[in-house]
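We did not get these values from a lab; they are worked out from the coordinates using the rules stated. Everything quoted here is computed from the prediction, not taken from an experiment. Note that each Cβ is placed from the backbone with ideal geometry, even for glycine, and that neighbours are counted across all protein chains shown.
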């Protein structure tokens, strides 16, 4: 089966902390788990402060639907925390070979 990975890289706004972002992500996690086709999500921070949010979906259609719904339902959670000019997003269709 081919899954789709939605990979988003971004930085937080000046003055916002990892704790601020992780608290906001409680709402995002609850939301994404209710979306059709959701598989799993990981959230990481690099040593230099860039965040990597990877969400795996059943299909490209599920990923597109999730992204469309996210904008309407969760953007208010993100806007106060994420630096808008830092966001880079991409979709990739993948063949998940191993998940540990």
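Take the residues of segment 77-86 that are surrounded by 14 or more Cβ atoms within 10 Å (Cβ to Cβ) and in contact with a helix residue (DSSP H, G or I) (Cβ under 9 Å, 6 or more places away or on another chain): which is farthest from residue 12 (Cα to Cα)? Before the answer, list the steps.
Of all residues in segment 77-86, those surrounded by 14 or more Cβ atoms within 10 Å (Cβ to Cβ) come to 77-78, 81-82, 86.
Then drop every residue that is not in contact with a helix residue (DSSP H, G or I) (Cβ under 9 Å, 6 or more places away or on another chain), which leaves 77-78, 81-82.
Details: 77: 13, 78: 9, 81: 6, 82: 4 Å.
Among those residues, the one meeting the criterion is 77.
Would you please name the residue that is nearest to residue 18 (Cα to Cα), looking only at residues in segment 51-74 that are more than 13 Å from the chain's Cα centre (by Cα) and exposed (fewer than 15 other Cβ atoms within 10 Å of the Cβ)? It would help to see each step written out before you state the result.
Here is the first cut: in segment 51-74, the ones more than 13 Å from the chain's Cα centre (by Cα) are 58-62, 65, 72-73.
Subset that is exposed (fewer than 15 other Cβ atoms within 10 Å of the Cβ): 61, 72-73.
On the way: 61: 31, 72: 24, 73: 22 Å.
Among them, the one singled out is 73.
May I ask you to list the residues in segment 13-35 that are without any contact (Cβ under 8 Å) to a residue 40 or more places away in the chain, touching a strand residue (DSSP E or B) at 6+ places or on another chain (Cβ under 9 Å) and surrounded by fewer than 15 Cβ atoms within 10 Å (Cβ to Cβ)?
18, 22, 29, 33
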